[in-house]
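The numbers here are math on the coordinates, done by the rules we state, and not lab data. This one's a predicted model, so the numbers in the text were calculated from it and none came from an experiment. Because the Cβ atoms are built from the backbone with ideal geometry, glycine has one as well, and the counts that use them run over all protein chains shown.
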Amino acid sequence: MTDRRDFLASTSALAAATLFPSLASAQSYPTHTIKFICPWPPGGSTDVTMRAMAESAGKIMGQSIIVENKPGAGGTLGAVELINAKPDGYTLAQIPVGAFRIPHMQKVQFDTLKDFTWIICMTGYTFGLVVPADSPIKNIKDLVAFAKENPEKFTYGTPGTGTSPHLAVEEFAQRAGIKLTQIPFKGSAHNLQAVMGGHVMGMSDSTGWGPMVDAGKLRLLATYGSKRTTRWPDVPTLNELGYETVSDSPYGVCGPKNMDPKVVKIIHDAFKKSLDDPSVLSAFAQYDQPVIYMNTADYTKYARDSFFAEKKTIERLGMAGND
């Protein structure tokens, strides 16, 4: 009798796993290494913070989360990778704000509103404009004066066309009535090398430049947030200088579309718990990044709202592409 009950139980379990494979996978997830795609080069602020998040969440989940760098295309190669991935929770990525705006500028391989699962928002960047310490441009007023006398002569590096650091400066330039020349790079690390090497006159990016500012090798002209940073309280924002430019860029963890909600919850809960880890908070603080938590529902709504808001920004800047 016992053998018959065991047989029936095992047969029922096998049938359930066959008929509902997602249920079976959710109950055992994760069973092997998870890939977390960083769409920026190694050594930049995103890479450092994502590795801290991955290590902490991996310990909580009991599996390794390996960060894989895929830089280029304005940080959208992670999004491209997700549309070809199985929705099993073993391929995750950061999808930056560029995925909300670049589709309005040019054709892309993904549908921002349909192709992804927005699992959890974790943090966001602080952006700023820096120049070498020996630059004759001491502040934003100097930059505006120089650019008016020398249209398009001021070159500034960004982590890619269509990224937040690019769009913020273009918006500022439009409001200031000046023309600057953007030089796109694959990410913050390459951008920093360019400004330190004198290949560009300035750098618009997240705070990978912070250590060089603190060391006196770069000068921070302005930041782009709604208020001054705690780390550089003497540096004004573009907004308070009268240019009506505010840019932040929340990000977190995303997966392919059609993920099992149970797997999504496991990932969400692990990464949320990592926000209590001192090593994660230390990595955020290193780049002046605050905790910006959004659960799955709120992050999904944020993505949809941002997609349409960015469309208006691109159109206002005259940068909309032709379909």
Query raised in the report: Among (i) 93, 44, 30; (ii) 69, 46, 36; (iii) 64, 45, 33, which one is Cα extents along the principal axes in Å computed from these coordinates?
Result: (i)
Query raised in the report: Along the Cα-to-Cβ line of Lys35, 7 Å from the Cα, sits a label point; which residues in the stretch 60-77 have backbone N less than 12 Å from it?
Result: 66-70
Query raised in the report: Which aspartates and glutamates have a Cα lying under 13 Å from the Cα of Lys273, excluding residues fewer than 8 positions away in the same chain?
Result: Glu55
Query - Approximate spin-label separation Lys265-Ile66, in nm, with each point projected 7 Å along Cα-to-Cβ - result: 3.0 nm
Report task. Calculate, for His199 and Lys138, the FRET efficiency according to 1/(1 + (r/R0)^6) with r their C-beta to C-beta distance and R0 25 Å; round to the nearest 0.05. Result -> 0.75
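Going down the list Lys59/Lys186; Lys107/Lys141; Lys35/Lys312, which pairs span over 32 Å between their C-alpha atoms?
Beyond 32 Å between Cα atoms: Lys107/Lys141; Lys35/Lys312.
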Query raised in the report: What is the set of long-range amide H partners of Thr91 at a cut-off below 5 Å, with H atoms built 1.01 Å from backbone N?
Result: Lys35
Report task. Please report Rg over Rh for the stretch 127-243, where both radii come from the alpha carbon positions and Rh follows the Kirkwood definition. Result -> 0.91
Report task. Quick one: compute a quarter of the convex hull surface over the Cα atoms of the stretch 193-246 and quote it in nm². Result -> 3.9 nm²
Requested in this report: Show that you can apply the helix-only estimate: for the chain, add -39,500 (n - 2.57) for every DSSP H stretch of four or more residues, divide by all residues, and state [θ] at 222 nm to the nearest 500.
Outcome: -13000 deg cm²/dmol
Query raised in the report: FRET efficiency for Lys273 and Glu149, Cβ-Cβ distance as r, R0 = 56 Å, nearest 0.05?
Result: 0.55
**Report entry** HN-Hα J in Hz across the stretch 72-82 - Karplus 6.51, -1.76, 1.60, θ = phi - 60°, x for Gly and Pro
**Finding:** x, 6, x, x, 9, 6, x, 5, 4, 5, 5
Report task. Could you list which residues have their amide H under 5 Å from that of Phe127, counting only those 5 or more apart in sequence or on another chain, with H placed in the peptide plane? Result -> Tyr224, Gly225
Query - Amide H within-cut-off set for Leu180, under 5 Å, with H built and near neighbours excluded - result: Glu152
Query - Calculated from backbone phi, Karplus (6.51, -1.76, 1.60) coupling profile of the stretch 112-120 in Hz, x at Gly/Pro - result: 4, 8, 10, 9, 10, 10, 8, 7, 7
Query raised in the report: What ³J(HN,Hα) values, in whole Hz, does the Karplus curve 6.51 cos²θ - 1.76 cosθ + 1.60 give for the stretch 291-297 when θ = phi - 60°, with x put for Gly and Pro?
Result: 6, 10, 8, 9, 6, 4, 5
**Report entry** Coordinate range along principal axes, alpha carbons of the stretch 204-306, Å, largest first
**Finding:** 48, 32, 19
Query raised in the report: What order, most packed first, do the peptides 53-59, 31-37, 97-103, 147-153 have when packing is the mean number of other Cβ atoms within 10 Å of each residue?
Result: 97-103, 53-59, 31-37, 147-153
